[in-house]
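Asks: Structure provided below as structure tokens; questions to follow.
The values are calculated or read from the model by the stated rules, or taken from the named source; none is laboratory data. These numbers come from a predicted model, not from an experiment. Here the Cβ is made from the backbone with ideal geometry for all residues, glycine too, and neighbour counts use every protein chain on show.
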Amino acid sequence: MPELTQLNAGHEAAVLAFELANRAYFAASIFDRGDEYFDRFSDGFSALLAEQQSGTCVFHVLVDENGSVLGRFNLYDLKDGSADLGYRVAQHAAGRGVATETVRELCRLAAERYGLHTLRAACALANTASQRVLLKAGFVPVGPADPSDLSGKPGTWYQLDLAARR
């Protein structure tokens with residue numbers, strides 16, 4: 001059974017393998033992180049852990065029984081009881097409810113463990129699968145996303161009132 005766990009230094013190799021294996025898949029619907037991201041992966045990973053340590057972000061990975069990463073689920077820009085949500089799921093796990101179930105779990109953690117009351121997520125208009133995940137998890141569209149929020153792609157911001165879910 002896959003487990004959602006907070007990102008730690010021991011996940012570095014598995015996260016890199018996940019990103020490399022799914023690079024083309026992600027680039028089709030989100031954005032390509034570029035060669036420099038992979039060339040300097042270790043530095044970037046260390047920066048993520050430092051950012052998490054500062055309390056402005058909380059990064060998670062969904063790990064299968066073998067230690068392979070099935071997805072990344074992140075809360076970032078934490079402040080004043082709110083945060084933005086971002087996620088990506090491996091191609092071989094897509095379309096099986098993994099993202100929806102894990103986003104719901106992260107919403108529960110956001111309220112119970114991190115004390116958040118509002119989550120937002122930007123989603124590209126072309127990414128209908130992600131829109132369905134957000135809607136199934138209880139998010140509602142609240143307005144257009146600036147294309148700079150989505151690597152130049154038009155999109156929509158979604159929001160979830162966590163207090164209303166209780």
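Asks: Can you name the residue in the stretch 89-112 that is at pLDDT 95 or above and of a type in the set (D, E, K, R) and is also farthest from Ala28 (Cα to Cα) among such residues?
Replies: Glu112
Asks: Looking at the stretch 124-143 only, could you name the residues that are part of a helix (DSSP H, G or I) and of a type in the set (S, T, N, Q)?
Replies: Thr128, Ser130, Gln131
Asks: Counting only residues that are touching a residue at least 24 places away in the same chain (Cβ under 8 Å) and in a loop (DSSP other than H, G, I, E, B), which one in the stretch 69-96 is surrounded by the fewest Cβ atoms within 10 Å (Cβ to Cβ)?
Replies: Result: Gly95.
Asks: Scan the stretch 130-143 for residues that are surrounded by fewer than 17 Cβ atoms within 10 Å (Cβ to Cβ) and among the β-branched types (Val, Ile, Thr) and report the count.
Replies: Residues of the stretch 130-143 surrounded by fewer than 17 Cβ atoms within 10 Å (Cβ to Cβ): 132, 135-136, 140-143.
With among the β-branched types (Val, Ile, Thr) added as a condition, the list becomes 140, 142.
Matching residues across the stretch 130-143 total 2.
Asks: I've got another one for you. In the stretch 1-17, what residues are within 18 Å of Glu101 (Cβ to Cβ) and either without any contact (Cβ under 8 Å) to a residue 12 or more places away in the chain or touching a helix residue (DSSP H, G or I) at 6+ places or on another chain (Cβ under 9 Å) (or both)?
Replies: Residues of the stretch 1-17 that are within 18 Å of Glu101 (Cβ to Cβ), as a first pass: 1-6.
Across the stretch 1-17, the qualifying residues are Pro2, Leu4, Thr5, Gln6.
Asks: Please go through the stretch 17-48 and pick out each residue that is crowded, with 16+ Cβ neighbours inside 10 Å and aliphatic (A, V, I, L, M).
Replies: The answer is Ile30, Leu48.
Asks: Then there's this: Kindly list, by first and then second residue, each pair from a residue in the stretch 50-68 that is within 18 Å of Leu16 (Cβ to Cβ) and in contact (Cβ under 8 Å) with a residue 40 or more places away in the chain to a residue that is of a type in the set (S, T, N, Q) and in a helix (DSSP H, G or I), limited to pairs with Cβ atoms under 6 Å and residues at least 6 apart or on different chains.
Replies: Matching pairs, first to second residue: Phe59/Gln52; Leu62/Thr102.
Asks: How many residues are among the basic types (Lys, Arg) and at pLDDT 95 or above if we restrict to the stretch 24-48?
Replies: So the count comes out to 1.
Asks: Here is a follow-up. Which members of the stretch 144-164 meet the condition of being surrounded by 14 or more Cβ atoms within 10 Å (Cβ to Cβ) and in a helix (DSSP H, G or I)?
Replies: Asp149, Leu150, Leu162
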